Amino acid sequence: MYYLLAMAPQGGDGGGSMVSTLIMFGAIFAIFYFMIIRPQQKKAKEREKLLTALQKGDKIVTNGGMHGTIAGLDEKTALIDFGNNIKIKFERSAIASVDRPKE
């Protein structure tokens with residue numbers, strides 16, 4: 001019986017510990033949000049904006065490192081001209097970057 005009484009939780013310090021734990025979890029979530037989640041969302045929005053703003057004649061680089069010029073656009077694909085009358089159709093998501101001339 002003495003052993004069970006010794007194992008019983010003490011009632012004095014439990015409430016403050018719970019509040020500090022919740023504050024700690026909130027702080028960790030805030031750090032993750034501002035350091036990881038928010039920048040990743042901004043980058044995804046910028047990429048979507050880049051892919052929707054593609055125009056015929058833009059010089060691009062694919063994810064595979066191939067350089068070419070956009071010869072035609074569809075809803076989900078882009079026809080890329082690599083020179084010497086070589087044209088290949090790629091998904092828009094395969095375009096890594098766009099090199100537009102400075103105005």
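A DSSP coil position with no more than 12 other Cβ atoms inside 10 Å describes the following trypsin sites (Lys or Arg not before Pro) in the stretch 47-103: K56, K76, K102. Placing R0 at 30 angstrom, the Cβ-Cβ distance between S17 and R38 gives a FRET efficiency of 0.50 after rounding to 0.05. Extension gain, A71 to N85: 0.36 nm times the residue separation minus the Cα-Cα distance gives 4.0 nm. 3J(HN,Hα) along the stretch 43-56, derived from phi through the Karplus expression 6.51 cos²θ - 1.76 cosθ + 1.60 where θ = phi - 60°, amounts to 5, 5, 5, 5, 5, 4, 5, 4, 6, 7, 8, 4, 9, 5 Hz, with x in place of Gly and Pro. Rolling a 1.4 Å probe over the heavy atoms of the protein chains gives the stretch 31-103 an accessible area of 78 Å² per residue.
The values are calculated or read from the model by the stated rules, or taken from the named source; none is laboratory data. Small disclaimer: the values here were computed from a predicted structure and weren't measured. All Cβ positions, even for glycine, are placed from backbone atoms using ideal geometry, and neighbour counts span all protein chains on display. Heads up: the accessible areas ignore ligands, DNA and RNA and are worked out on the full protein's heavy atoms, side chains in. Shrake-Rupley method; radii C 1.70, N 1.55, O 1.52, S 1.80 Å.
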